[in-house]
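Heads up: the structure comes next, in structure tokens.
The values are calculated or read from the model by the stated rules, or taken from the named source; none is laboratory data. Note that the coordinates shown come from a computational prediction; the quantities given were computed from them, not determined experimentally. No Cβ is skipped: glycine too gets one built from the backbone with ideal geometry, and neighbour counts run over all protein chains shown. In case anyone asks, the SASA skips ligands and DNA or RNA and just uses the protein heavy atoms, side chains included. Shrake-Rupley method; radii C 1.70, N 1.55, O 1.52, S 1.80 Å.
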Amino acid sequence: MDPAALEDELTCAVCLQVYQDPVILPCQHSFCLKCIERVWAHTAGPGKFECPQCRRKFNPRPSLERNFTLCNIVEKYNHSQPPAGHVVCDYCDSNPNPAVKTCLKCEISLCSLHLKPHLQSKAFSGHTLIEPVSDLTGRQCPDHKDPLIFYCKDDEECVCVSCAIIGKHKSHTLLSLDEAQAAIKEELEIEIEKLREVQQNCSSKQRDLEKSETEIKNSKQLLSRVTESQKVTDPDVPEFTLNLSNIFQLIQKRLNGSEKYHSDILEIIMPASTKYRGPLDITPPPHSPSGTVLRIAAGISRRTGISRGKSSLSLDPKTANWNLVLSDDLRSVTWTERKQFSLLYPKRFKHYPQVLCSQSFSSGSHSWDVETDGNECGIGIACGTVEREGRNSFLGNSNKSWCLYCGFSYLKAWHNFQFTDLPLFPSKPRIRVQLDYEAGTLSFYRVTDSVRYLHTFQTTFTEPVFPAFYCRRKSLKLLN
């Protein structure tokens, strides 16, 4: 039987709802027990009991027998209906089907049949469809009661059309809900990948620690045997003196190594709010101390031959991220956890602690030195058209930037989402950058008492490039 017809058969003629505790009269018409008792209480007098449907009179009042057949049918019908809390189609007149989408514009839920006009007609092209929800109150703007269809990046909240046009968000950066969902999903995937790397590093450090502890135990056992051998001496033989200084030095070295491994593991497993999480981290650690200084070293610039002199490079404040502080002479940059409030220049890096120089190169050969106050920094170049926000704005994460990253446990050359691991060197390095624009080469050297070659990028430059720097929890300086 058709579900709609079945529902008609199971509908009480008094309350027009599906029977509740149905009873049957002698005329074979059925009603809800409470419905027939309520009708007779208001209309019937002595000898005036009648059927509300056929108007047959009964005297005396007939007994109300439960309609067991109808009770079983009603019970089966109720079991076939959607469970409580299930979202049903608002367009279905009877026996509503489960909804597959909810329209925020129309504020209704639709089954697969009634959804077709929204998918096929141009009149509904601007309507936003979401997964079925029974209550749209949480999807409405508390100020304008309009559906939330945009995501404000500045305030990190969902807003309606009125908020975007005339409200407090009208000058903010807005995304559609789908765009915001995709961006958040991408950030979460990046975070998951970083956590995997942390887990791998932690496992590696743990293995190294166990190996170091085994070596220390072996060294202590050797010391014990040597000490015991000293005690067993022949009194007639001159006393043999064993110099144990080297052994103690070895043990001390092993102990120092063990402490370092312990320190490394603590650094890996300590909470994210108290440690730096690597060059791909977008959000600065909220409780880490401000950085010290990035010194951009004295440069050698040449266009025809080689001429030495003071570098004319200076940092561009209009590109500096809000967590970077530039020196008065624009040749040093320091990272700080407190965001600096300044004008919203379109060339400013939004997500990463990066800055470009004011000068660019479109020909010739050039060289400049950079000094860092410790590790965790990036030194390189970038095209003027490099993105200033999002994942691709990270130096080395596009084909428009090249960068050498120096960290406590890594040294990487990064370009176009690919990196090369390089041999590590001690902290507080001075790095020399040499650019040959026509030859398409960008080379890096470590400068101490001598100059040591590190890495070369080979490419073809098609637009001017700017010296670029990444600085977090540390500082950099252009040297004089």
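Hey, can you tell me all the residues within region 182-211 that are closer than 17 Å to S409 by Cα and hydrophobic (A, V, I, L, M, F, W, C)?
Residues of region 182-211 that are closer than 17 Å to S409 by Cα, as a first pass: 194-209.
Within region 182-211, L195, V198, C202, L209 qualify.
Restricting attention to region 111-127, and to residues there that are out of contact with any helix residue (DSSP H, G or I) (no Cβ under 7 Å at 6 or more places or on another chain) and of a type outside the set (G, A, S), which single residue is farthest from D93 (Cα to Cα)?
Step by step, filter region 111-127, then rank; the result is K122.
Answer with yes or no whether D369 is in contact with a strand residue (DSSP E or B) (Cβ under 9 Å, 6 or more places away or on another chain) and acidic (D, E).
Answer is yes for this residue.
For region 85-100, check the following and say yes or no: at least one residue is among the acidic types (D, E) and part of a helix (DSSP H, G or I).
no
Name every residue in region 121-142 that is over 16 Å from H86 (Cβ atoms), open to solvent by less than 60 Å² (accessible area, probe 1.4 Å) and touching a Lys or Arg at 6+ places or on another chain (Cβ under 9 Å), in order of residue number.
F124, H127, T128, L129, I130
Take T448 and tell me if it is surrounded by fewer than 17 Cβ atoms within 10 Å (Cβ to Cβ), more than 24 Å from L326 (Cα to Cα), free of Cβ contacts under 8 Å to residues at least 40 places away in the same chain and over 29 Å from the mean Cα position of the chain (by Cα).
So T448 fits the description; yes.
Could you list all residues from region 386-440 that are open to solvent by less than 10 Å² (accessible area, probe 1.4 Å) and on the phi > 0 side of the Ramachandran plot?
G396, G440
Only one of F461, F457, F408 is of a type in the set (A, V, I, L, M, F, W, C), part of a loop (DSSP other than H, G, I, E, B) and touching a Phe, Trp or Tyr at 6+ places or on another chain (Cβ under 8 Å); which? Walk me through how you get there before you give the answer.
Values: F457 fails: part of a loop (DSSP other than H, G, I, E, B); F408 fails: touching a Phe, Trp or Tyr at 6+ places or on another chain (Cβ under 8 Å).
Answer to the selection: F461.
Condition first: in a loop (DSSP other than H, G, I, E, B) and either surrounded by 24 or more Cβ atoms within 10 Å (Cβ to Cβ) or in contact with a Pro (Cβ under 8 Å, 6 or more places away or on another chain) (or both). Now tell me which residues in region 343-385 satisfy that.
The answer is F349, Y352, P353, Q359, S360, S362, E376, G384.
Within region 31-52, is even one residue under 30 Å from P96 (Cα atoms), modelled with pLDDT under 90, over 60 Å from the mean Cα position of the chain (by Cα) and outside any helix (DSSP H, G or I)?
Yes, region 31-52 contains at least one residue that is under 30 Å from P96 (Cα atoms), modelled with pLDDT under 90, over 60 Å from the mean Cα position of the chain (by Cα) and outside any helix (DSSP H, G or I).
Would you pick out the residues in region 10-66 that are in contact with a strand residue (DSSP E or B) (Cβ under 8 Å, 6 or more places away or on another chain), closer than 24 Å to N95 by Cβ and of a type in the set (A, V, I, L, M)?
Result: L10, A13, V14, V18.
Mind listing whichever residues of region 142-186 are under 19 Å from K105 (Cα atoms) and of a type in the set (K, R)?
Hit for region 142-186 is K145, nothing else.
Mind checking which residues of region 464-480 are more than 30 Å from the chain's Cα centre (by Cα) and outside any strand (DSSP E or B)? Write out each step before concluding.
So the first thing to find is which residues in region 464-480 are more than 30 Å from the chain's Cα centre (by Cα), and the list is 464-465, 477-480.
Scanning region 464-480 gives P464, L479, N480.
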